[in-house]
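In what follows, a structure is listed as structure tokens, so that the remarks can point back to it.
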Amino acid sequence: MPPEPITRRALNRALLERQKLLRRASLDAAGAVEHLVGMQAQSPLAPYVGLWSRLDGFRPEDLATLITGRGAVRMSLMRTTLHLVTAADALALRPLLQPVLERGFRSGSPFGRRLAGLDIAPVLDAGRALLGESPLSAAELGRRLAERWPDHDPVAMAHAVRYLVPLVQVPPRGVWGSAGQARFTTVDAWLAGRDAPPLDLERLVLRYLAAFGPASAMDVQAWCWLTRLGPVVERLRPRLRAFRDEAGAELLDLPDAPRPDPDTPAPVRFLPEYDNLLLSHADRSRVIAPGHRERVFTRGALLVDGFVRGAWRAARGGGDPGLELELFEPLGAADAEAVGAESERLRRFLAT
């Protein structure tokens, strides 16, 4: 059948529905993190705000307990960036994304060039052994490696281990109400005795579509940074439904995935910095205008009627936190009132 036309607004509502942003969902923290195929987490507390915006009755201790109990971990995955994932997904996703981390080390960072001529394998083995014994910071790891390889850059050697060996950041880093230096140990040490079925590329694409579709092969690649996914998507085509967006691009989707009416009301939502909603498509116009992209990410994003209309951050200073809010365009009276009400709810959440 020929692809069905689909508007930008319809794509927006489909994305919001699958991201649990049209209405707060009755899911636990582990179920939500797994459905979203992880949450960007280089800002340690960002996933808490992301889940607060998505889940009914979410409490910070729900996620904190999951992390301290090793039911979820923070590790480098999609786009080589730090993500919060369930323990099962840590084991299933990391081997599949190893080429992304290798490419990031060798060509996407300066560290590979700094170690040119050094046999990396013994460095990785030594780093794996050191971190398996006890969690270390990157600086601590670099100093320990420099004892054996004194003529090479300790920072670059530590980053070689961080990129190429499956590692997790350990608590108290990433635990609500706690603070701590970023320290790492190996996945094998932290999740010893656990197992998860391997994830193949086709299953990865299907899970992406469930959380971010309708989408193209280029969208999937923009999300995970794996390459040459076109043939994978083509193999799945008989199981998928085709659409054509307003720019003429073909998008594929799970046949029975939710695609709400484009006129479905979308409530005001506050997203944390680097939220995957804004990073997981090659064409992000379904949720953010091109001119606004550089104005968020290091700050949180404000959604009004489903689209990014402003940026926010928690005000610095002690005591009860306020919010610093920048609107990208004027709002009508009803939207402004809704933004005020939701910002007050977020302020009370952050105050905990």
Amide H contacts under 5 Å for L251, placed H, 5+ residues apart: F243, R244, D245
Extension gain from L118 to E4, taking 0.36 nm per residue of separation minus the Cα-Cα distance: 35.7 nm
Cα gyration tensor shape of the range 222-352, rounded if a/c is under 1.5, else prolate or oblate by comparing a/b with b/c: prolate
Net length gained if the chain between R313 and E147 were fully extended (0.36 nm per residue, minus Cα distance): 55.6 nm
Kirkwood-based Rg to Rh ratio, the chain, C-alpha trace: 0.98
Estimated inter-spin distance, T227 and R347, nm [label 7 Å along Cα→Cβ]: 4.9 nm
The range 27-175 - accessible surface per residue (Å², probe 1.4 Å): 37 Å²
Extension gain from Q98 to E61, taking 0.36 nm per residue of separation minus the Cα-Cα distance: 10.2 nm
Heavy atoms of Y163: accessible area, 1.4 Å probe, square angstrom to 10: 40 Å²
Cβ-placed point charges (K, R +1; D, E -1), dipole of the range 247-352 about Cα centre in debye, nearest 20: 460 debye
Computed FRET value (nearest 0.05) for R235 with D28, which takes r as the C-beta separation and R₀ as 51 Å: 0.95
3J(HN,Hα) from dihedral phi, the range 310-315, Karplus parametrisation 6.51/-1.76/1.60, rounded to Hz, x for glycine, proline: x, 10, 8, 8, 5, 5
Using θ = phi - 60° and Karplus 6.51 cos²θ - 1.76 cosθ + 1.60, couplings along the range 81-89 (whole Hz; Gly, Pro as x): 9, 6, 10, 8, 9, 5, 4, 4, 6
Rounded if a/c under 1.5, otherwise prolate or oblate - the range 91-171, Cα gyration tensor axes: oblate
For the range 232-246 and the range 248-264, distance of Cα centres in Å: 11 Å
Protein accessible area in the range 233-306, 1.4 Å probe - carbon and sulfur %: 49 percent
Tilt relative to the chain, helix 120-133 - C-alpha long axis, 0 to 90 degrees, to 10: 80 degrees
Cα gyration tensor shape of the range 178-285, rounded if a/c is under 1.5, else prolate or oblate by comparing a/b with b/c: oblate
Within a Gaussian network of the chain (alpha carbon springs, distance under 10 Å), most fluctuating of P330, P44, P272: P330
Heavy atoms of L325: accessible area, 1.4 Å probe, square angstrom to 10: 80 Å²
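The values are calculated or read from the model by the stated rules, or taken from the named source; none is laboratory data. Predicted model, so just to flag it, every value in this text is computed and none were measured. Quick reminder, even Gly has a Cβ in these numbers, built from the backbone with ideal geometry, and neighbours come from all protein chains shown. Note: areas computed on protein heavy atoms with side chains; ligands, DNA, RNA excluded. Shrake-Rupley method; radii C 1.70, N 1.55, O 1.52, S 1.80 Å.
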